[in-house]
Amino acid sequence: MAVCIAVIAKENYPLYIRSVPTQGELKFHYTVHTSLDVVEEKISGVGKALADQRELYLGLLYPTEDYKVYGYMTNSKVKFVIVVDSSNTSLRDNEIRSMFRKLHNSFTDVMCNPFYNPGDPIQSKAFDSIVSTMMVQAF
Amino acid sequence: MSVPDYMQCAEDHQTVVVVVQPMGIVPEEQFFRIYKRIASVSQVSIRDSQRVLFIRFRHHYPPENNEWGDFQTHRKVVGLISVTSCNTAKEWPQTSDRFHGQKEVFGSTLYDSRLLVFGLQGEVAEQQRTDVAFYPSYDDCPDVEKRVEDFVESIFIVLESKRLDRATDKSGDKIQMLCVPFEKKDFVGLDTDSRHYKKRCQGRMRKHVGDLCLQAGMLQDALVHYHMAVELLRSVNDFLWLGAALEGLCSASVIFHYPGGTAGKSGARKPSVSSAADAGKRHRPGAQEVLIDPGALTSSGISADTSAEIGRAKNCLSQEDIIEKYKEAISYYGKYKSAGVIELEACIKAVRVLAIQKRAMEASEFLQNAVYINLGQLSEEEKIQRYSVLSELYELIGFQRKSAFFKRVAAMQCVAPTIPEPGWKACYKLLLETLPGYSLSLDPKDFSKGTHRGWAAVQLRLLHELVYASRRMGNPGLSVRHLSFLLQTMLDFLSDQEKKEVTQSLENYTSKCPGGMEVISLPDGLKLPPVPFTKLPIVRSVSLLNLPVSLRPHKVKGLLGQGLSSASPFIYSPITMHSRGDERSKKIDFQWVQGDVCEVQLMVYNPMPFELRVENMGLLTSGVDFESLPAALSLPAESGLYPVTLVGVPRTAGNITINGYHTSVFGVSSDCLLEGLVGVKSSGCMVEVVPSLPRLQLCTSLPRSAHLSSEDLSTSVSLQLFNGETQQLTITLENIGTETLNTLELTSKTLSTKEKLFGEFLTWDLQDALSHLPLKSGQSVSIPVNISAKLDFSGQESLLNDLNDDGISVTGLPVSSPLRQVLKPRTENKPVGSDASKNEFNHVKTLEAVLTFKYSGGAGQVEGYYRELSLGVRVDVEPSVFFTRVSTLPATRMAIQVDKLDFDSMPVTDHDALRQATVRQQEEKRQQVQGGLINSTLDIHWTIISFTEASCPDNTIPNSFFLTLQC
């Protein structure tokens, strides 16, 4: 499903980033990094519309030639970014949403760990395995 | 049309293009000076009207773009100004011909032209011609601007007449079909009489008239014409021209809404009078309502009467609609492959409008679309330009990261392998501009706060590219700086392999150009601050070490009130300042001495997976002159904490502050200041340096003992004496310092002992030594010290035990007897070796004393400082006499056999015997005193037989004798 999943801290630096084809790792870094521009823009837009504030899902951030980039932001301004293959048309908006929800739940578990220092890179195995379940299906 | 103008913006639709070209040989510098003066006339108010004509000057214009002039008149070259040099009248006819030739290039579209001739004087120059101006030189041409203004006015007259001409075309006349270059062949054989074709012609002409109106400064008319054109063209599905009409509508509306312009060049465009007057009418709801005179549409011709008050501002699009119409226009353009440039430019124009409206999301969609517009084969230069412009536009809408991304792509394009001469300089410059987008600054101070947080993988890549680009630029100093920065800030993100590679290449670079601490200034004003390697090695703690005890300076008490040093009025306060800064500046409570080697201990570790060679490591100080003695060290791979001692010699007195240390690693020398370091423990960095003092070295006649009873002692000697024995110890003091020794004091202190000491333990005579003072450097003095041990060995508990043990006959202490060990396990629990037996008993008593030399001299003495040298003296005193067996005799007399004087263990020489005789006399005296004591209490009478008259013929001492006690 997803080819790249990233968690980005409030201050816009990556807490976690994993992508499927390991050679193209840097490319995904660039993709996710540039998508933050759109996230920021969307957030500043959300502030205006009060009704939208409860909605954490940011929707499609931008499509590139090969990929679609989706965004999600928690109330604590931690961002999740999921990159999916453009050719994968079977993926509906709802499925993307549920992926984000799963990711958010797992992230919450990570934050509940008393030994995790908020702001540090995520090294949790449980989180990793959740991410894996969202990615492996591409193969 | 293949060359897009990336700088275009919506208000360019109301400008006319004038090309300014050099003709023949014109020095470039001169040409651009003239060009600048011409270009300064960018807008001209037309006399007798409120209108303003805007001009775009170009010194280069591709003729194929001119061919699209009918499609959008702002693409049409309407004026030509040629600049030429002409020195003699002979050349004039030729020059004139060339001017006509040049006019031919844009011939079909030109309204007017001018020739500026420089350098020609005389008859030819006298002639009055409107299209030629003569100037004696490039410096002497005061009325160029005036000429250009006249020229612009003449263009306006032609434009205005064309506008009127087109607008008043009679309905019966056949309207010319306007078309774009690629359309021409499509119209061959088309029925020109069909209604469809006529409508098409009308629509296109309307649009064209709209363009002309816009250029001629008649905004409202233009809007009306555009609206009509849109209606007409929509009905015949002429999409390309519909798009153009819509875009014209947008441009006119943008000009109406944003008189300041959308190009971001503030002040470049003065708001025109009419726009300013209309400014109040902005944001009018329902402005998009198209109110067109129905009569104008029904008539097959084009009515001249568009200036009638139809709609006025209502024809103008609202801000929302501008974007909608732009979208529509672009979608129509998108249907034609050959209109790629038009589409791209429209996208760019729309983005600029959206940027002003602060609608970044929509702008990014336009840009995203622009990225995918295929313009066919682009030259490398055009690619670079395209990416740069995309980057600029992304920056305009606040998408810093996207902007950086495209700028980086542009930079990479500059050095693409297909380019024969890669532009490394341009690449490097562009790369530098991407830094903010990747939130990377080249100042290592920004990275010193805690762990690095950022897009390490991306930043790492960028830094590598900077290093490579600067190397290819031929600036190794710059690449060393960037590589050092990479190593310093990204160390945590490098794999072991990468660390090796980076350091290897750094060493390669520094072999040509060593890195230093100077700020590198780039030509464009950017300054690259130095990068100190504070992580190679990582310093964990810094502590200043006190001098060795013997060299510590002491203050003479009473000279200054030393007791109340604390600034607080409270003796004790639980509130202590924990701020770090205070800790650092805190003064340390010991002193260093001028001219003596001082030490600072650093705990360092090497984070690299290989051995780290640190060269030239020394201290950075301030306050006093300090001669740092650099050290070189080699830290093993990923070492743990490793102590390093840096030394130096203060050359003057005062307060010295340790600011940091300098190192040289991989050929890069760095000054690391402690205040910039994270996680460094330090107990203070300021210490007082007192003026120089002499240094004494102490030698003794006796061998030194390894045993130091206390750390304060500089040396100690130990010796064995029998009770009552005296030995002389000669102490030699040598002044090994540079200062002259002026005063010397000697005191002794016997360490607390329970033993009763008779007489003086240590005695000396200092007079002789003092007479040698002042002691110059290198001189020495000797002091004899007498050591005498007189202790009380009587009444020892163990002995009494022995005595008590045996009611009748005490078989004393033949210790070697195994029997005794069996009998008396309770007092002797340590294993007893037969040979070392003597020492196992408590019969050996120890006396300890410390001889302290206080000395001073030189400048330090003036300040009231002195030094102390202490010598520990340890004497093991053995009793001279042992009672080995006590036998109680049944008679009224008691005889005590004293057996085994310990003398048998050592050979007694004549001399020793003599001395021992005196020892024995003393002992005897003492025993007599004791005896008297016992006598008085127990009423016992006893005598020591033949002790004083021990007439031993062969000078040997009897092994034993009897002592008889009478009760």
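Brief remarks on what is shown
- Residues considered: B:Arg481, B:Arg453. Of these, the only one that is under 19 Å from the mean Cα position of the chain (by Cα) and within 14 Å of chain A (Cβ to nearest Cβ) is B:Arg453.
- Selection count, the range A:21-31, where residues are crowded, with 19+ Cβ neighbours inside 10 Å and of a type in the set (A, V, I, L, M): 0
- Failed criterion for B:Gln504 (all others in (1) at pLDDT below 85; (2) exposed (fewer than 14 other Cβ atoms within 10 Å of the Cβ); (3) of a type outside the set (A, V, I, L, M, F, W, C); (4) out of contact with any Gly (no Cβ under 8 Å at 6 or more places or on another chain) hold): (1)
- Complete set of residues in the range B:589-615 that are of a type in the set (Asp, Glu) and farther than 24 Å from B:Leu551 by Cβ: B:Glu611, B:Glu615
- Lone qualifier among B:Glu395, B:Glu381 - being of a type in the set (Asp, Glu), over 30 Å from A:Ser44 (Cα atoms) and either within 12 Å of chain A (Cβ to nearest Cβ) or free of Cβ contacts under 8 Å to residues at least 60 places away in the same chain (or both): B:Glu381
- For the range A:38-65, the candidate set comprises residues that are under 17 Å from A:Ile5 (Cα atoms) and facing another protein chain (nearest Cβ under 9 Å); within that set, the residue that is modelled with the highest pLDDT is A:Val38.
- Residues of the range B:569-577 include none that is among the polar types (S, T, N, Q), closer than 30 Å to B:Ser664 by Cβ and at pLDDT below 80.
- Condition met for B:Val52 (within 30 Å of B:Ala329 (Cβ to Cβ), touching a residue at least 24 places away in the same chain (Cβ under 8 Å) and not aromatic (Phe, Trp, Tyr)): yes
- Among the residues of the range B:843-866, those identified as part of a helix (DSSP H, G or I) and either over 23 Å from B:Arg695 (Cα atoms) or small (Gly, Ala, Ser) (or both) are B:Gly858, B:Ala859, B:Gly860.
- Hey, B:Ser331 within 14 Å of chain A (Cβ to nearest Cβ) and either free of Cβ contacts under 8 Å to residues at least 24 places away in the same chain or not β-branched (Val, Ile, Thr) (or both) or not: no
- Pairs, first within 14 Å of chain A (Cβ to nearest Cβ) in the range B:425-439, second assigned to a helix (DSSP H, G or I) and of a type in the set (D, E, K, R), C-beta under 6 Å, six or more apart: B:Thr434/B:Lys407; B:Thr434/B:Arg408; B:Gly437/B:Arg401
- Only one entry of B:Ser331, B:Ser391 meets the criterion of being in a helix (DSSP H, G or I), under 29 Å from the mean Cα position of the chain (by Cα) and among the polar types (S, T, N, Q), and that entry is B:Ser391.
- Exactly one residue among B:Val77, B:Val83 is crowded, with 21+ Cβ neighbours inside 10 Å, within 29 Å of B:Arg51 (Cα to Cα) and touching a Pro at 6+ places or on another chain (Cβ under 7 Å), and that residue is B:Val83.
- The range B:109-145, residues that are in contact (Cβ under 8 Å) with a residue 40 or more places away in the chain and of a type outside the set (A, V, I, L, M, F, W, C): B:Thr109, B:Tyr111, B:Asp112, B:Tyr138, B:Glu145
- Any chance A:Val69 is within 14 Å of chain B (Cβ to nearest Cβ), surrounded by 14 or more Cβ atoms within 10 Å (Cβ to Cβ) and modelled with pLDDT of 80 or more: yes
- Here the range B:354-377 is the region considered, the condition is being in a loop (DSSP other than H, G, I, E, B) and surrounded by 15 or more Cβ atoms within 10 Å (Cβ to Cβ), and the residue that is farthest from the other protein chains (Cβ to nearest Cβ) is B:Leu375.
- The number of residues in the range A:1-17 being within 12 Å of chain B (Cβ to nearest Cβ) and under 22 Å from A:Asn94 (Cβ atoms) comes to 1.
- Selection within the range A:18-37 - of a type in the set (Val, Ile, Thr) and facing chain B (nearest Cβ under 8 Å): A:Thr34
- Within the range B:402-418, not a single residue is of a type in the set (Gly, Ala, Ser), within 30 Å of B:Leu249 (Cα to Cα), more than 10 Å from every other protein chain (Cβ to nearest Cβ) and assigned to a helix (DSSP H, G or I).
The values are calculated or read from the model by the stated rules, or taken from the named source; none is laboratory data. This is a predicted model, so every value here is computed, not measured. Counting neighbours? That spans all protein chains shown, and the Cβs are built from the backbone with ideal geometry, glycine included.
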